[in-house]
Amino acid sequence: SPLASPQETLTGKYGEDTKLIYELQDQGGELLALRYDLTVPFARYLAMNKITNMKRYHVAKVYRRDNPATTRGRYREFYQCDFDIAGQFDPMIPDAECLKIVHEILSDLQLGDFLIKVNDRRILNGVFAICGIPESKFISTCSTVDKLDKMPWKEVKSEMVGEKGLSPEAVDHIGEYVQLHGGLDLIERLLQDPKLSQNKLAKEGLGDMKLLFEYLTLFGITGQISFDLSLARGLDYYTGVIFEAVLLQQENDHVEEPVSIGSVAGGGRYDGLVGMFDPKGRKVPCVGVSIGIERIFSILEQRAKASGEKFRTTETQVLVATPQKRLLAARLKLISELWDAGIKAEMLYKKDPKLLKQLQYCEDTGIPLAAIVGEQELTDGVVKLRNVATREEVRM
């Protein structure tokens, strides 16, 4: 999908985050915008090409006019790694697979303890409905509830009353629900809730959530998954299950609950998005997940810095080195042979570097081998191969 799209492609899909879209006006006067995520362009691609069934991953840059915080891996230009399943399938099977993938990635990266929060937009909308919130305010209420991971309930409540114009009684009622989190037991409890179980949307959402947890139990990953009613994900296009993965940090031994150090993945079901781009409004159900690679990198970098661990920043296998002057031609000839043989080789860009400097460069960058050609080696028709770490040498 192209980097720049017509502005109307992106507007109206991201709720309050619309203000973070980078808008461009090109010389022909056409209104364009840089892509905000990979989901909306994917939905547009499916609609334009009349594709009704697809499973894909996509790693590419997206742009947000946000306040950057590089220490927390928050940038204006960054990569997203997306995985999506589009098509008409039985409920919750693709959704469970998306969660399994997130679990697998975060486990393999060994980032420490993590938690994947799961909720459903239909359950939230059901909660808002029984609390007396008008339907026109569902989406804006959602984006305020979504701030619960960053703000205490007191501040979220005052925003709902002060800025969103909701009644304090209705907001207190919402508060009784959105502060709940648990597993299958909580789902069962809410299915018995006299008011919530009367709401058609909430009942559907809870039924699917129960099914989802049964599949996640079979995948053996429910230990890291929490059904969390405070999770709202502020984007407009979600229609069903939503999820977000956060890394946990045990602040100290006295803290009972682990502290979240930020979201590293998020996603959900967006069954109506493809239909927005289809001229005939044909819908294609979709579910997907996005991994924030920069956020993960910044965490790994901080850990490496703290532990003093050194990372190899190059894949170079061998440095071609010379011990005497006027041997640049020999180095160029040998490195060319190595490159032609598919060997990753490097040399210093100096005519007559000192041997010590060349070996020091190997140590600094982690290059394991040095291929040394001096006058004697040229006479004998050999190359001296040196293991940089052990200093062992062999002639070949």
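The values are calculated or read from the model by the stated rules, or taken from the named source; none is laboratory data. Small disclaimer: the values here were computed from a predicted structure and weren't measured. Every residue, glycine among them, receives a Cβ derived from its backbone with ideal geometry; neighbour counts consider all protein chains shown. Surface areas here come from the heavy atoms of the whole protein model, side chains and all, with no ligands, DNA or RNA. Shrake-Rupley method; radii C 1.70, N 1.55, O 1.52, S 1.80 Å.
Fully extending the segment from residue 138 to residue 248, taken as 0.36 nm per residue of separation minus the present Cα-Cα distance, adds 36.6 nm. Run down the lysines and flag those whose C-alpha is under 23 Å from the C-alpha of residue 351, throwing out any fewer than 8 positions away in its chain. Leaving aside lysines fewer than 8 places away in the same chain, those within reach of residue 351 are 325, 333, 384.
When +1 charges are put on Lys and Arg Cβ atoms and -1 charges on Asp and Glu Cβ atoms, the dipole computed for the chain relative to its Cα centre reaches about 1360 debye. The relative contact order of the chain, computed from alpha carbon pairs under 8 Å that lie at least 6 residues apart in sequence, is 16 percent.
Residue-wise HN-Hα couplings along the stretch 140-150, as the Karplus relation 6.51 cos²θ - 1.76 cosθ + 1.60 with θ = phi - 60° gives them from phi, are 5, 5, 4, 5, 6, 4, 4, 7, 4, 6, 10 Hz; Gly and Pro carry x. Close amide-amide hydrogen proximity is noted between residue 262 and 247, each under 5 Å apart and 5 or more residues distant or on a separate chain (H modeled in the peptide plane; Pro and chain starts excluded). In the context of the full set of protein chains, the chain has a per residue accessible area of 53 Å² (1.4 Å probe). Cα centroid separation, the stretch 43-120 to the stretch 319-335: 48 Å.
Summarising the label geometry, the points placed 7 Å from Cα in the beta-carbon direction at residue 329 and residue 180 lie 8.4 nm from one another. Among the chymotrypsin sites (Phe, Trp or Tyr not before Pro) within the stretch 301-382, those in coil by DSSP and having at most 10 neighbouring Cβ atoms inside 10 Å are 311, 349.
Backbone N atoms of the stretch 130-154 closer than 14 Å to the 7 Å Cα→Cβ label point of residue 161 belong to residues 153-154. Near the amide H of residue 321, within less than 5 Å, lie the amide hydrogens of 371, 372, 373, all on another chain or at least 5 residues away, with H placed in the peptide plane. Computed from the C-beta positions of residue 90 and residue 217 and an R0 of 22 Å, the FRET efficiency is 0.80 to the nearest 0.05.
Pairs over the 27 Å Cα-Cα cut-off, from the set 147/195; 100/195; 164/280; 55/280; 150/310: 100/195; 164/280; 150/310. Here the simple spin-label model places points 7 Å from the Cα toward Cβ, and for residue 382 and residue 341 these points are separated by 1.6 nm. Applying a DSSP loop filter and a limit of 16 other Cβ atoms within 10 Å to the trypsin sites (Lys or Arg not before Pro) in the stretch 189-226 leaves 195. For the stretch 299-396, the relative contact order is 28 percent, taking Cα pairs closer than 8 Å that sit 6 or more residues apart in sequence and dividing their mean separation by the residue count.
Restricting attention to the stretch 88-161, which trypsin sites (Lys or Arg not before Pro) occupy a DSSP loop and are surrounded by at most 15 other Cβ atoms within 10 Å? The partial results should precede the final answer.
Working: sites: 100, 117, 121, 122, 137, 147, 150, 154, 157; in loops: 150.
Here the sparse-neighbourhood loop sites are 150.
In order along the stretch 384-396, the Karplus-derived 3J(HN,Hα) couplings, from 6.51 cos²θ - 1.76 cosθ + 1.60 at θ = phi - 60°, round to 9, 9, 10, 7, 4, 6, 8, 6, 5, 10, 10, 9, 9 Hz, and Gly and Pro are given as x. Here the label points at residue 70 and residue 305, each 7 Å from Cα along the C-beta direction, are separated by 1.0 nm in the simple model.
Relative to the current alpha-carbon distance between residue 19 and residue 315, full extension at 0.36 nm per residue lengthens the span by 102.4 nm.
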